[in-house]
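Below is one structure, written out as structure tokens; comments come after it.
The values are calculated or read from the model by the stated rules, or taken from the named source; none is laboratory data. Fair warning: this is a prediction, and the values are worked out from it, not measured in the lab. Methodologically, a virtual Cβ is constructed for each residue, glycine included, from the backbone with ideal geometry; neighbour enumeration extends over all protein chains shown. Note: areas computed on protein heavy atoms with side chains; ligands, DNA, RNA excluded. Shrake-Rupley method; radii C 1.70, N 1.55, O 1.52, S 1.80 Å.
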Amino acid sequence: MKWITYAKSGLCVLLAGALITLTACNAGGAKTVPAGTPSDDEPEKSVSAGGTAGSVRKSETVYVTMDAQGNPTMKLVTDWLHTDTAGVTVRDKSDLTDIQNIKGNEAPVQDGSSLIWSVAGTDLYYKGVSEKKLPVDLRVRYLLDGKETAPADLAGKSGRITIEITVTNTDAHAVTAEGKTVTMYTPVMVAGGIILPEETFRNVQVENGTV
């Protein structure tokens, strides 16, 4: 994964929670994404014209667009399928909608919850929209001089602004241990940042982060 940094005049605040990008990859047709990503799917084996099975690797990235208060407005998923041999057919499980091939002309054949791709080369990239629940819930709260204020009402105002960002792990599942059923959560690491223009913000203080 590449991080792109834009140089500009401003205060950069690194927070202990604000923005999340989920990625995963795998080989040999096993599970390709960790629990909690919107698509818990796996590619099945690829078959060449001669009927010889080959391994398939799948890498998935989830991009989430949110409003100013942290409510998701779109969950876009990009998938990369890689095969060891060119010119094979790959059966890939997916529950995404509005699926589009990003870098080629191949179109999938829908077979229930599976997508059947005829991969001309060894790599295929596609995208789609997910409706699955995210593994974290993000909430952003704004206060102006101690009073909670809608983000749309902050433009042009002066005063002491407080931005509270709360991240909650929602990926809970029941696990039986020593005869008892307990609730456990899949570990998730979250990191984020905010750029505050120096001409409008000063005396910035951060909890659980650094300026």
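Any residue at all in the stretch 131-154 that is among the polar types (S, T, N, Q), over 30 Å from VAL90 (Cα atoms) and at pLDDT 90 or above? The answer is yes, given that some residue of the stretch 131-154 is among the polar types (S, T, N, Q), over 30 Å from VAL90 (Cα atoms) and at pLDDT 90 or above. Considered as a group, the residues in the stretch 77-105 that are crowded, with 18+ Cβ neighbours inside 10 Å and of a type in the set (Asp, Glu) include one that is nearest to VAL56 (Cα to Cα), and that residue is ASP92. With the requirement that a residue be open to solvent by 80 Å² or more (accessible area, probe 1.4 Å), of a type in the set (Gly, Ala, Ser) and within 20 Å of ARG202 (Cβ to Cβ), what does the stretch 130-163 give you? Correct list: ALA155, GLY156, SER158.
Taken over the stretch 72-105, the criterion of being in a strand (DSSP E or B), out of contact with any Phe, Trp or Tyr (no Cβ under 9 Å at 6 or more places or on another chain) and among the polar types (S, T, N, Q) is satisfied by THR73, THR83, THR97. Of the candidates LEU134, LEU138, the single residue that is assigned to a loop (DSSP other than H, G, I, E, B) and among the aliphatic types (A, V, I, L, M) is LEU134. Inside the stretch 109-165, can you point out the residues that are within 25 Å of the chain's Cα centre (by Cα), closer than 19 Å to ILE99 by Cα and of a type in the set (Ser, Thr, Tyr)? The answer is SER113, SER114, TYR125, TYR126, SER130. When the stretch 106-119 is filtered for residues that are assigned to a loop (DSSP other than H, G, I, E, B), open to solvent by 60 Å² or more (accessible area, probe 1.4 Å) and modelled with pLDDT of 90 or more, only ALA107 remains.
Return the residues of the stretch 101-153 that are among the charged types (D, E, K, R), touching a Gly at 6+ places or on another chain (Cβ under 7 Å) and in contact (Cβ under 8 Å) with a residue 24 or more places away in the chain; say none if nothing qualifies. Scanning the stretch 101-153 gives a single hit, ARG139. Taken over the stretch 62-76, the criterion of being of a type outside the set (Val, Ile, Thr) and open to solvent by 30 Å² or more (accessible area, probe 1.4 Å) is satisfied by TYR63, MET66, ASP67, ALA68, GLN69, ASN71, PRO72, MET74, LYS75, LEU76.
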